[in-house]
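Q: To start, I am sharing the structure in question, which I have written as C-alpha cells.
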Amino acid sequence: MKTAFLLATALVLAPMAVRAADDHAPLRFVLIPKTVHPWFDKVNTGAQAAADLLGKTTGRKVEIEYRAPETADVSSQNDIIERAIATHPDGLILDLLDEKGNHATMLEAVDEKVPMTVFDSLPPEGMDVTAVGADFCEQGTIAAQRLAGLIGEKGEVAIMIGVPTAPNHTRRAECERAAFARYPQIRVVATGIDNDSIETAQKQASAIMQAHPDLAGWVACDAAGPVGIGQAIRESGRTGKVKEVGLDNLNDMIQLIRDGVADSSASSRPEMQGYWAVIAAWQRALGQKTPKYIDTGIDVLTKKNI
Amino acid sequence: MSLETTFPTTPPTPPRLPPLRRLAARCMRNPLGGVIAALVLIFGVSCLLSPHFLTGFNMMIMARALAFIGLVTIGQSILMILGELDLSVGAIGGLAGITGGMLMVQAGLNPWLSLVLCLLLGTACGMLNGVLITQLRLHSLVLTIGMAGVYGGAILVATKGVAITGVPVDISFLGRGLVYGVPVPFLVLLACLGVVAFVMVRTPLGRYVYAIGSNPEAARMLGLRVDAIRIAAFATAGFLSALAGILMVARLGTAQPSIGDTWVLAPIAAAVIGGVATTGGLGSPVGAVLGAVIIGMIENIIVLFGISPYWQSVVSGGIVVLAISFDSLARRYLHREA
C-alpha cells in the first residue's frame, strides 16, 4: 500500500519537478510538416541551420524537434500538433494540410499560449500567425508558361496532379490550367493523379503518353510527380520530344535536368522556408512582432544554374 | 479405522504463491487481465519518463483521439468475434462525413437531420456489405477491399478531392465540446461501448455472435439465423463508422475527403491486442477498445518522447508486438507455475 502511495505521488509530482527544471532549458521548437517526405527533410535542414546560427550567436541553444505525420491526413496531423502542444514547446512551426481543418487545433495552441509560425501554407483567416513560403499559384504558372514557351505555344500537354485532397497541389493545377488557357493552340489532353508517389507518377505518365502519342509536354503539381514523369519519358525513348518542366528540387529532379530529360523545374526553396520559419518562431518566442508573410520566392532550375 | 480419519473434511489447498505472483495469476484469469496489465505498464513507464504525459491537457487529447478510432474498433471487433472483417469501415466513415458536409453546406439541410441521414447511410453501406457477403457467399476480406474502393471512389467523385468547408457551428460541440473536461466524442464512445458490451454479454444476440464466430455451421444447425446476424453486425459496424466520421467532421469543422483513411488497420490491430481472435468466437469489444487505448498511448508517447518520425513505425510496431507477447508469455508462465 505504502509503495503504491509513493509511486502515485511520484507520478503526480514528476511533471512539476521536471517543468521547474525547464526554466533554463534551451528554446525548443516543434516542426510539423504535412507528412514524411524528402521535400520536408530539406525544410528541416534549413531549420536546423537557423537553429545552429541562433544558438551560436545568442548563446542560448535552440532545438528543433521534427515530428512528421506518417500520412498526409488532417486528423493525423491534428493529433500530432495536439501532442506537441502537450509538451509546451516555445513554438510550433507548422505546414498546414488544410487551414480550416487545422483551425480548431490551432486554437488549442492559442489557449495553451504556444506561439505558431506556418510555412508552405497560409494560416486561418484572422489568426495572428506569420506565414513563410512561396506562392503556389505563381509556381504553377511559372512552370506552365515555361512549358508553353518550350513547345512553341502549341500542342497537347498533360498535367500530373499530386494528391487530389492536398490544397497546394490542386491550387497549382488550377493555375497551370489557367496559364495554358491563355494559349489558344495549347490543349490540356490528360490529367494524371500520382498521390505524391514516383512509382504511380511513372505508371500514369507512361499510360497517358501511350494514349496521346502527340503529347508535347508535361507539368506537375507535386515534388514526386515530375520525377516519375521524367522516368516515363526516358523509358519510352522520347527524351527531347516530350518536354517536361518539373517542380521543386528533389535530387532525382535535379538529376533529370542534368541528364537532359527534363528542361527545368519551378522550385520553391524548402531550406529557406525552414530557415526563415525558425527565425520567425524565435522572434515570436521572445515576444517580438513578426511579419505577416515572408515570401521565400521561386527558382527556375535549369542545366545552367543547378 | 473411521471414515473421519481416512478422508479430510476440507479439500487440499493449492501451494500458496508469493503475493505479487498471486496478483498476476488473478489478473491473468481475467480475459482482459493481459491487456490491462500491458496498459498499466505502458501508462506507468510513460508517466515516469515524460513530464508532459500525466497532464490534464494530454489526457484530454488522448481521450478525444481515442474516441474516433475506438468507435470503429467496436464495430470491427464485433465482426472479428463473428469471424468476419470489414476493410471498408474507414471509407464508410469518410463517405458519411462527406455526405454530411454536402447535406449541411451545399443542400442547406438541417444539421441534425443531416446527421441522422448520414448515420442511415453508414448503416446502409454496412448492410450492403453484409448482404453481398452472405447472399453471394463471398469472403468478407475480399468483398470489403472492393467496397472500400467503391465508397472511397464515391468520395472523390463527390468532392473532386476538395474539402467541404462551412459546416454549421451547431454541431461543433459534438467534436470539440467538453463536459466537465471530458471530450464529448469520448462520452459518445463510452455510451456506444456500454450498449454494445451489454448486448454482447447480457443478451441472447451476443451469445449467438460468439456461437457463430466459434462454429458457424454448428450455429446454423442449431437454428440460428446466421446470415441475418452477420448482416446486422456489418450494419452495426457501418453505423459506428459513420458516427465516427460525423464526429470527425464536427471536430475539424470541415468535411475532409481523407477522413477514415487511417481507420482500416488500426482497429484490427487494437482488437487483436485486446484479445479478439482473428479466427472468431473469442474476445470482447471492451478488450478491443482497451487495445485501442494502448495504440493511442503509444502514438502519444512517441511524440512526447521525441522519437524520430522515421522510427515511429518501428517503435509503435515493436511496442504492439511486446504488448501481445507480454500477454501470451504471462499466461504461459502462470500455466506452467500452476
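Q: For region B:79-103, enumerate the residues that are open to solvent by 10 Å² or more (accessible area, probe 1.4 Å) and among the hydroxyl-bearing types (Ser, Thr, Tyr).
A: B:Thr99
Q: Filter region B:40-60 down to the residues that are within 11 Å of chain A (Cβ to nearest Cβ), in contact (Cβ under 8 Å) with a residue 40 or more places away in the chain and part of a helix (DSSP H, G or I) and list them by number.
A: Across region B:40-60, the qualifying residues are B:Phe43, B:Ser46, B:Leu49, B:Gly56, B:Asn58, B:Met60.
Q: Now a separate question. Read through the list (1) farther than 15 Å from B:Ile78 by Cβ; (2) within 14 Å of another protein chain (Cβ to nearest Cβ), then give the number of the only condition that B:Ala244 fails.
A: In the conditions (1) farther than 15 Å from B:Ile78 by Cβ; (2) within 14 Å of another protein chain (Cβ to nearest Cβ), B:Ala244 misses (1) alone.
Q: Determine if region B:141-152 includes at least one residue that is buried (at least 24 other Cβ atoms within 10 Å of the Cβ), over 16 Å from B:Leu247 (Cα atoms) and of a type in the set (Val, Ile, Thr).
A: The first filter runs over region B:141-152 and keeps only residues buried (at least 24 other Cβ atoms within 10 Å of the Cβ), leaving B:144, B:151.
Checking the rest, the ones that are also over 16 Å from B:Leu247 (Cα atoms) come to B:144, B:151.
Filter once more, keeping what is of a type in the set (Val, Ile, Thr): B:144.
Yes, region B:141-152 contains at least one residue that is buried (at least 24 other Cβ atoms within 10 Å of the Cβ), over 16 Å from B:Leu247 (Cα atoms) and of a type in the set (Val, Ile, Thr).
Q: Sticking with this one: Looking only at region A:64-80, which residues are at pLDDT below 95 and more than 7 Å from chain B (Cβ to nearest Cβ)?
A: Once the filter is applied, which keeps residues that are at pLDDT below 95 and more than 7 Å from chain B (Cβ to nearest Cβ), region A:64-80 yields A:Pro69, A:Ala72, A:Gln77, A:Asn78.
Q: Determine, yes or no, whether A:Asn305 is open to solvent by 40 Å² or more (accessible area, probe 1.4 Å) and at pLDDT below 95. Before the answer, list the steps.
A: Values: open to solvent by 40 Å² or more (accessible area, probe 1.4 Å): yes; at pLDDT below 95: yes.
Criteria met by A:Asn305.
Q: Go through region A:104-124 residue by residue and tally those that are open to solvent by 20 Å² or more (accessible area, probe 1.4 Å) and either assigned to a helix (DSSP H, G or I) or not assigned by TED's automatic domain parsing to the domain that holds A:Pro33 (or both). Walk me through how you get there before you give the answer.
A: Just the residues of region A:104-124 that are open to solvent by 20 Å² or more (accessible area, probe 1.4 Å), to begin with: A:107-108, A:110-113, A:115, A:122-123.
Add one more test, that the residue is either assigned to a helix (DSSP H, G or I) or not assigned by TED's automatic domain parsing to the domain that holds A:Pro33 (or both), and what stays is A:107-108, A:110-111.
The number of residues fulfilling the criteria is 4.
Q: Evaluate the following for A:Val278: is it at pLDDT 95 or above, farther than 22 Å from A:Glu156 by Cα, crowded, with 24+ Cβ neighbours inside 10 Å and of a type in the set (Val, Ile, Thr)? Break it down stepwise before answering.
A: Details: at pLDDT 95 or above: yes; farther than 22 Å from A:Glu156 by Cα: yes; crowded, with 24+ Cβ neighbours inside 10 Å: yes; of a type in the set (Val, Ile, Thr): yes.
Yes, satisfied.
Q: Can I ask one more? Looking at this structure, is A:Thr165 open to solvent by 10 Å² or more (accessible area, probe 1.4 Å) and within 14 Å of chain B (Cβ to nearest Cβ)? Spell out how you get there, then give the answer.
A: Values: open to solvent by 10 Å² or more (accessible area, probe 1.4 Å): yes; within 14 Å of chain B (Cβ to nearest Cβ): yes.
Spelling it out, A:Thr165 is indeed open to solvent by 10 Å² or more (accessible area, probe 1.4 Å) and within 14 Å of chain B (Cβ to nearest Cβ).
Q: Further question on the same structure: Give me the residue from region A:179-199 that is open to solvent by 50 Å² or more (accessible area, probe 1.4 Å) and not charged (D, E, K, R) and, out of that set, nearest to the other protein chains (Cβ to nearest Cβ). Outline the logic, then answer.
A: Within region A:179-199, the subset open to solvent by 50 Å² or more (accessible area, probe 1.4 Å) is A:181-182, A:184-185, A:187-188, A:191, A:193, A:195, A:198-199.
So of that shortlist, the ones also not charged (D, E, K, R) come out as A:181, A:184-185, A:188, A:191, A:193, A:195, A:198.
On the way: A:Ala181: 18, A:Pro184: 26, A:Gln185: 27, A:Val188: 16, A:Thr191: 11, A:Ile193: 8, A:Asn195: 10, A:Ile198: 18 Å.
Top of the filtered list is A:Ile193.
Q: I'm told A:Arg172 meets every condition in (1) open to solvent by less than 20 Å² (accessible area, probe 1.4 Å); (2) out of contact with any Cys (no Cβ under 7 Å at 6 or more places or on another chain); (3) within 19 Å of A:Ser264 (Cβ to Cβ) except one. Can you identify the failing condition by its number?
A: If we test A:Arg172 against (1) open to solvent by less than 20 Å² (accessible area, probe 1.4 Å); (2) out of contact with any Cys (no Cβ under 7 Å at 6 or more places or on another chain); (3) within 19 Å of A:Ser264 (Cβ to Cβ), just (2) comes out false.
Q: Can A:Gly101 be described as more than 9 Å from chain B (Cβ to nearest Cβ) and in a helix (DSSP H, G or I)? Give the steps one after another, and end with the answer.
A: Values: more than 9 Å from chain B (Cβ to nearest Cβ): no; in a helix (DSSP H, G or I): yes.
So A:Gly101 fails the test.
Q: How many residues does region B:153-173 hold that are surrounded by 19 or more Cβ atoms within 10 Å (Cβ to Cβ) and in a helix (DSSP H, G or I)?
A: 3
Q: Return the residues of region B:187-242 that are surrounded by fewer than 16 Cβ atoms within 10 Å (Cβ to Cβ) and not in a helix (DSSP H, G or I); say none if nothing qualifies.
A: Selection gives B:Thr203, B:Asn215, B:Leu222, B:Gly223, B:Arg225.
The values are calculated or read from the model by the stated rules, or taken from the named source; none is laboratory data. A quick note: this is a predicted structure, and the numbers were derived from the prediction, not measured. Note that we place each Cβ from the backbone using ideal geometry, even for glycine, and neighbour counts take in every protein chain shown. In case anyone asks, the SASA skips ligands and DNA or RNA and just uses the protein heavy atoms, side chains included. Shrake-Rupley method; radii C 1.70, N 1.55, O 1.52, S 1.80 Å.
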